[in-house]
1. So for segment 152-243, considering every pair of alpha-carbon atoms, how many percent are separated by more than 15 Å?
2. Return the long-range amide H neighbours of T234 (sequence gap of 5 or more, or a different chain), with a cut-off of under 5 Å between placed amide H atoms.
3. Multiplying the sequence separation of D106 and L8 by 0.36 nm and subtracting their Cα-Cα distance, what value in nm do you get?
4. Can you give the convex hull volume of the alpha carbon atoms of segment 90-136 per residue, in Å³?
5. Take peptides 18-26, 175-183, 44-52, 228-236 and line them up by average Cβ neighbours within 10 Å, highest first, as a rough protection proxy.
6. Express the C-alpha Rg of segment 7-81 as a ratio against the empirical globular expectation 2.2 N^0.38 Å, rounded to two decimals.
7. Whole-Hz ³J(HN,Hα) for each residue in segment 238-254, computed from phi via Karplus 6.51 cos²θ - 1.76 cosθ + 1.60 with θ = phi - 60°, x for glycine and proline: what do you get?
8. Give a residue-ordered list of calculated ³J(HN,Hα) values for segment 59-73 (Karplus: 6.51 cos²θ - 1.76 cosθ + 1.60, θ = phi - 60°; whole Hz; x for Gly, Pro).
Amino acid sequence: MSTSVAPLEMVDTDRYPLTEPDSAAWRETVGRTRAELADVGCSVLADFIRPELHDVLRAECAALEPQAYTKIEKVNAYNTAIDAPLPDDHPGRTIMERGNAFVARDRIPASSIISRLYTSPLFQRFVADCFGLPELHELADPLSGLTLNVIAPGRAHPWHFDTNSYTVSMLTQAAEKGGTFEYCPGIRSAADENFPAVRAVLAEDGTHPVQRLSLRPGDLQLFQGRFALHRVSTVEGAIARHSAIFAYSERPGVIGSAERTRQLFGRVLPAHLAGRTDRGDELLD
């Protein structure tokens, strides 16, 4: 399904003035979003997509669900090979079941709301400003820049970190029950993996705080997924949870590793086999 909605007409620009960069309203919205990111590590812009287009958004993304690559497998929080030799107390030795599926970018029509939003220069400028950055770049990765995450009933997306530093997402279809987004803001930094805290969260021993969000379709969510351990809890009921993930990077040319790309999409392209692009840190992927 496609829509004739122009690139920014789907956004409630009365509340979120993307068409008026540097205006007082823009600065107020950006300032509020930055404050939330600094305070709780995440900001949710409610009804970013106009409510009258929520049904179109849901239908477009629901039509993509059959294109999702689904493979139930064992993973760790770093999405690295689970048979790699690690110290006994390394959090990478905690193995979880990943039951979510992804529709890759090359399966998402350019005419869809989420694709038009992802590639919009005004949207990119707004997101960069919210993160306090001079600019952001679409991932050069042909599969993982823009994806649709599908979590079927009875499945979950376990604890993990993102490849990209700055992640923007939007729920497009809510589960009947469950499917809660949970995260630990700033649990690691570019200079420190903070393995003890990650290990505590994975052990669910209650010693490290976990934030939980109640999201609605059409809400825009901003957070630093490379540094925030996060998951989506088990989906319950009869309806799958769908969310669009808009992945950006401070650096141009970022491409995911072949190992992780195979995990997520069941295939790799020549760009992935050429070797991963430097992300500016030495963190585990």
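The values are calculated or read from the model by the stated rules, or taken from the named source; none is laboratory data. Being a predicted model, the structure only gives us computed values, none of them experimental. All Cβ positions, glycine included, derive from the backbone under ideal geometry; neighbour counts span all protein chains shown. Calculation scope for accessible area: heavy atoms of the full protein, side chains included, ligands and nucleic acids excluded. Shrake-Rupley method; radii C 1.70, N 1.55, O 1.52, S 1.80 Å.
1. Percentage above 15 Å: 60.
2. Here the answer is G179, since their amide H atoms fall under 5 Å of that of T234.
3. Values: separation 98, 0.36 × 98 = 35.28 nm, distance 2.18 nm.
Here the segment from D106 to L8 would lengthen by 33.1 nm.
4. Values: hull volume 7.0 nm³, N = 47.
Value for segment 90-136: 148 Å³ per residue.
5. Numbers: 18-26: 13.2, 175-183: 18.8, 44-52: 17.0, 228-236: 21.3.
Descending mean neighbour count gives 228-236, 175-183, 44-52, 18-26.
6. Working: Rg = 17.8 Å, N = 75, 2.2 N^0.38 = 11.3 Å.
Working it through for segment 7-81, the quotient is 1.57.
7. Those phi angles translate into 10, 10, 6, 8, 10, 8, 8, 10, 9, 9, 10, 9, 5, 9, x, x, 6 Hz.
8. 5, 4, 6, 4, 5, 8, 3, x, 7, 6, 7, 10, 8, 7, 8
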